[in-house]
Structure formats: C-alpha cells, structure tokens
Amino acid sequence: MPAPLLALLAGVGGYFLGSIPTGYWVGRWWGGIDIRTQGSGSTGATNVLRTLGKGPALLVLLVDAFKGAAAVGLGGALGSPWWVVLAAFLAIIGHSRSCWLGFKGGKSVATSLGILLAMAWPVALAIFGVWLLGIALTRIVSFSSILAAVAAPVLMWSTDQPLPYLLFALAGGVYVVATHRRNIERLLAGSEPRIGQKWVQSP
C-alpha cells in the first residue's frame, strides 16, 4: 500500500478514535447532564469525577485510555512505528478537539496514558508513578498531569526507546501541557482546586 494512503489511514483512524466523546456520553447517560456546562467544562475524567463521582470518572478514564491504546494498535497494524506515532498523536488531538463536540473536549491525559501503555508500558508505569507523586505532594490533578507530561520524553530517552516514540513523547508532552494553559493560570493564581474540592467558577 502506498505510503500516503498508509499515512491517511493512520491519521484519520487515530483522530476518530481519539474524538469519541466518552465524558460527554457518560454525562448524558449517567447523570443526564452536559458535562461541558459543569465545572471546568472539560469532558475528561477529572471533571467527571468532580461532577458525577468516582464510578463515572473511572469509566471515562478506562475508555479514554483504551482509545489511545487502540490508536497504537491501528498504527502497528499498518506496519511502521512512524504510523504508530502518527495515529497516536492524532488521537490526542482528537480527544481534545473532538469533531463531535464542536472541536472541544478534554486534556488528553487518559488517552496519552493508554497510548504510552501500548507503546512502552514500563515507561508508562514510570510516568504514572510521577503523576502519583504529584498527587501525593499537591492533590492537584492538573499539576500532576503537567509534571507527567514533562517527564514523558525524559523517560523515553533514558530508557532508549525508538526515535519515533521519543518524538511522540516530546510532541505529545508539549501538546498536553498546552491544553492545560487555563490550569496553569489558576495554579499561578493559587485558585486551582485540589482533589475533593468543589469547582468554583471565576467571577
């Protein structure tokens, strides 16, 4: 199959896998709400946790992680680590810019975790450990996610992963940090909620 067609399959397939609006659907089916109008407005597991509780949040986390792993599987089936990386990167874009939700969505953290588990699970577990450390120290999910995103390329490099995976971790990490720009503003202002705190809208 010609390389341009393989690239198209990887990119489009990865995007549509990532764009599946899990948090939105769970909000509608479980709580009868539009999760985009609640809390931070994100469709990710953290906002679902604050709004609907642990059960719905765990479901969103698992499905969103599975979307990322499926994108890696798609790229792998096309026969090259570069198609894996293309499908994976488009999946995280799809999650945060879903075509089904007016090109809005979540922060792509759970989807990135699923990608990393399928791509290089020891690295994923180390990154998850960094995230847990951030939670233990601050109880702030966004800070912990940013910390994990920054650690991802370092851990990929230090464990001698293939160049495509290292580049994905670098580009994906930058993208995930960029999706947290509002959180960074609140972190600097000291207004970012901790686990267990209710979301308070800014005036």
*Is the stretch 73-198 best put as rounded, prolate or oblate by its Cα gyration tensor, with a ≥ b ≥ c the root eigenvalues, rounded for a/c under 1.5, and otherwise prolate when a/b is larger than b/c, oblate when not?*
oblate
*asked:* Take Trp121 and Met1, extend 7 Å from each Cα along the Cα→Cβ direction, and tell me the distance between the two endpoints in nm.
replied: 2.6
*Show Leu101, Leu58, Leu78 ordered by accessible area, largest first, where the area counts protein heavy atoms only and the probe is 1.4 Å.*
Leu58, Leu78, Leu101
*Out of Ile115, Ser145, Ser98, whose Cα points farthest toward the positive end of the dipole of the stretch 92-203 (charges: +1 Lys, Arg; -1 Asp, Glu; placed on Cβ)?*
Ser98
*Report, in whole Å, the centroid distance computed from the Cα atoms of the stretch 124-186 and the stretch 56-109.*
16
*Work out Dmax and Rg for the stretch 130-203 from the C-alpha atoms and quote the Rg first, both in angstrom.*
14.2, 47
*With every protein chain present, what accessible area does Tyr24 have (1.4 Å probe, heavy atoms only), rounded to the nearest 10 Å²?*
40
_Fully extended contour minus Cα-Cα distance, from Lys104 to Ala77, at 0.36 nm per residue_ = 6.9 nm
*asked:* Taking the Cα centre as origin and putting +1 on Lys and Arg beta-carbons and -1 on Asp and Glu beta-carbons, what dipole magnitude results for the chain, to the nearest 20 debye?
replied: 620
*Three principal axis extents, largest first, for the C-alpha atoms of the stretch 100-154, in Å?*
34, 28, 15
*Compute the distribution of all C-alpha to C-alpha distances in the stretch 4-76, in bins of 10 Å from 0, and list the percent of pairs in each, rounded to whole numbers.*
21, 43, 23, 11, 1
_Column: log10 I(q)/I(0), Debye, Cα scatterers of the stretch 1-46, q = 0.14, 0.16, 0.24 Å⁻¹_ = -0.48, -0.54, -0.78
*What whole-number value in cubic angstrom gives the convex hull volume per residue for the C-alpha atoms of the stretch 1-160?*
104
*Once both labels are modelled 7 Å past Cα along the beta-carbon direction, what's the Trp29-Glu185 spacing in nm?*
3.4
_Helical mean residue ellipticity (222 nm; -39500 (n - 2.57) per DSSP H run of 4+; nearest 500) of the chain_ = -22500 deg cm²/dmol
*Using mean Cβ contacts within 10 Å as the protection proxy, how do 102-114, 177-189 order, highest first?*
102-114, 177-189
*When Lys and Arg each count +1 and Asp and Glu each count -1, what net charge do the other residues less than 9 Å away from Ile140, Cβ to Cβ, add up to?*
+1
*How much accessible area does Asp160 have with a 1.4 Å probe, in Å² rounded to the nearest 10?*
130
*asked:* Output the 0 to 90 degree angle, nearest 10, between the alpha-carbon long axis of helix 54-77 and the longest principal axis computed from the alpha carbons of the chain.
replied: 10
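The values are calculated or read from the model by the stated rules, or taken from the named source; none is laboratory data. Quick caveat, the model's predicted, so the values are computed rather than measured. Note: ideal-geometry Cβ built from the backbone for every residue, glycine included; neighbour counts use all protein chains shown. The protein model used for the area step is the full one, side chains on, heavy atoms only, and it has no ligands, DNA or RNA in it. Shrake-Rupley method; radii C 1.70, N 1.55, O 1.52, S 1.80 Å.
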